[in-house]
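Heads up: the structure comes next, in structure tokens.
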Amino acid sequence: MSRDRLILYSSAFIRALATGMIGVLLGIYLAQVGLSTARLGIVIGAGLAGGAVATLIGAVWGDRIGRRRYLVLLAILGIAGAAVVAAASQALVLGVASFLGMLNGMGRDRGPALAIEQALLPATAPDHERTRVVAWYNVLQDVGHALGSLCAGLPVVLRRFAHLSELDSLRAPFALYALLMLATLVLYLGLSSAIEGVRRARAVPVTPESRRIVARISALFALDSLGGGFLTTALISFFFFKRFGAGEGTIGVLFFGARIMNAASHLGAAWLAARIGLVNTMVFTHVPSSLLLLTVAFAPTFPIAAILFLLREGLVEMDVPTRTSYVMAMVKPEERLYASGVTSIVRLGAWAVAPSFAGLFMQGISLATPLFLGAGMKIAYDILLYRAFRHLKPPEERAPQP
């Protein structure tokens, strides 16, 4: 399993590199193609909806299709979707390609491949190391996100040295995205048969207790993700682009710094969770991050907004490895693919809904409206999560039985 873990770490890094780059550029690219802000939001939402559907298929039929085979199929669809988006300009074609290719405007890799990989990782470590293994997985993702954000400056380089037009320079990163997804496909072909688990003709039976836990936490994740859907990287990049006139290169550097802050916070989350618990770490770091986000909307200049945004990014992702570790700890090993799939579907589905409304609000009310709505929903989620789960402990936090 150590070789498989290395492959999963590598594929997560490469996929995050691609997602980090496209997350910064997607909104700007769609605007340059000629889409209105409302249609821009719909296309971004279509990509997230495609990811939700693919995650549902993986959760229900993943063991019957074969985990490795399904991961390869996801990579192929990602390649095809990016290629079509790079060549198209019609809103309908862009929306369909974004859906089938599962293009992720979140700027963070939260797609169907992630759901499968998260279900596989816990089996590679004992309970007391589970959070650390997941944390390092997320660190590698955020390093990939950070470098991908720097790659968002590629159009500037191409315009200066290759003398491409502005639109053509924005199309080029989608070709690079397709090549990166091809690299993940090759990696997946190297996974061993150990990752397949037990092939079953029917879905794994899930205990009523696990169903209750997954249902309760998924309902809360839906609220959190609905708020997050108003705050995709594509939409925030568009906010900085329109509000302050920041260029792709500048925004790319900003998100590079943001992802470095995310990566450091994941290691900090594992350290903090070992001392105050997983649920406490999730809540007590997430609320301040939402309050910081609200201040970005009032920032008078880009440098001030950038500093506030970076401070927010240093806290907002501390709930990611702790959340994954908590969900995987509260169900049986054979139920992990189900739990990871259901929670990922809920999150992706909620993310897919919000960008369309965010685009309408940015066009009809204010550019900052999604920031207010997103932060408010996330604070409500944290309060409800703490009330519902503060007494439900994972195995490593329970007192030993006499």
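Where a number appears in this text, it was derived from the coordinates with a stated rule and is not lab data. Values in this document were obtained by computation on a predicted structure and should not be read as measured data. Reconstructed Cβ throughout: ideal geometry from the backbone, glycine too, with neighbour counts over all protein chains shown.
Data table
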item: Residues 378, 393, sorted so that the one with the fewest Cβ neighbours within 10 Å comes first; result: 393, 378
item: Centre separation in Å (Cα based) which lies between the range 1-62 and the range 292-327; result: 21 Å
item: Net +/- balance of residues flanking residue 297 in space, Cβ distance below 15 Å, scoring K and R +1, D and E -1; result: +4
item: Candidates 73, 26, 48: whichever shows maximal mean-square fluctuation once the chain is modelled as a Gaussian network with Cα springs under 10 Å; result: 73
item: Test item: Cα-centred dipole of the chain, Lys/Arg +1 and Asp/Glu -1 on Cβ, debye; result: 540 debye
item: From the C-alpha gyration tensor of the range 304-367, square roots of 5λ in Å; result: 31, 20, 5
item: Distance cut-off 14 Å, percentage of C-alpha pairs in the range 1-85 lying past it; result: 74 percent
item: Sorted by Cβ neighbour density within 10 Å, fewest at the top, the residues 186, 296; result: 186, 296
item: Ranked 70, 326, criterion: other C-beta atoms within 10 Å, fewest first; result: 70, 326
item: Percentage relative contact order, the range 295-397, counting C-alpha pairs under 8 Å, at least six apart; result: 24 percent
item: Whole-Hz couplings from phi, Karplus 6.51/-1.76/1.60, listed for the range 60-73; x for Gly and Pro; result: 8, 10, x, 6, 7, 5, x, 5, 4, 4, 5, 4, 5, 4
item: Normalised per residue, the volume of the convex hull around the Cα set of the range 240-344 (Å³); result: 115 Å³
item: Phi-based couplings in Hz for the range 219-234 (Karplus 6.51, -1.76, 1.60; Gly and Pro marked x); result: 4, 6, 4, 4, 5, 4, 6, 4, x, x, x, 7, 10, 4, 4, 4
item: Estimated 222 nm signal from helices in the chain, with DSSP H stretches of n ≥ 4 weighted -39500 (n - 2.57), rounded to 500; result: -27000 deg cm²/dmol
item: Rg/Rh for the range 215-270, where both radii come from Cα atoms and Rh is the Kirkwood radius; result: 1.11
item: 3J(HN,Hα) from dihedral phi, the range 147-156, Karplus parametrisation 6.51/-1.76/1.60, rounded to Hz, x for glycine, proline; result: 5, x, 4, 5, 5, 5, x, 4, x, 5
item: Length gained when the stretch residue 179-residue 162 is fully extended (0.36 nm per residue, less Cα-Cα span); result: 4.1 nm
item: Restricting the range 153-237 to trypsin sites (Lys or Arg not before Pro) in coil, as DSSP defines it, with at most 14 other Cβ within 10 Å; result: 199, 200, 202
item: Option label - semi-axes √(5λ) of the Cα gyration tensor in Å computed here, alternatives [x] 32, 25, 19; [y] 30, 25, 24; [z] 53, 33, 19; result: [x]
item: Proximal charge balance of residue 45 [Cβ under 15 Å; K/R count +1, D/E count -1]; result: +3
item: Computed over the range 1-100: relative contact order in percent, which uses C-alpha pairs under 8 Å that are six or more apart; result: 33 percent
item: Choice from 373, 25, 150 with maximal GNM fluctuation in the chain (Cα, 10 Å cutoff); result: 373
item: Two-site FRET efficiency, residue 307 against residue 36, from Cβ-Cβ distance with R₀ of 22 Å, rounded to 0.05; result: 0.10
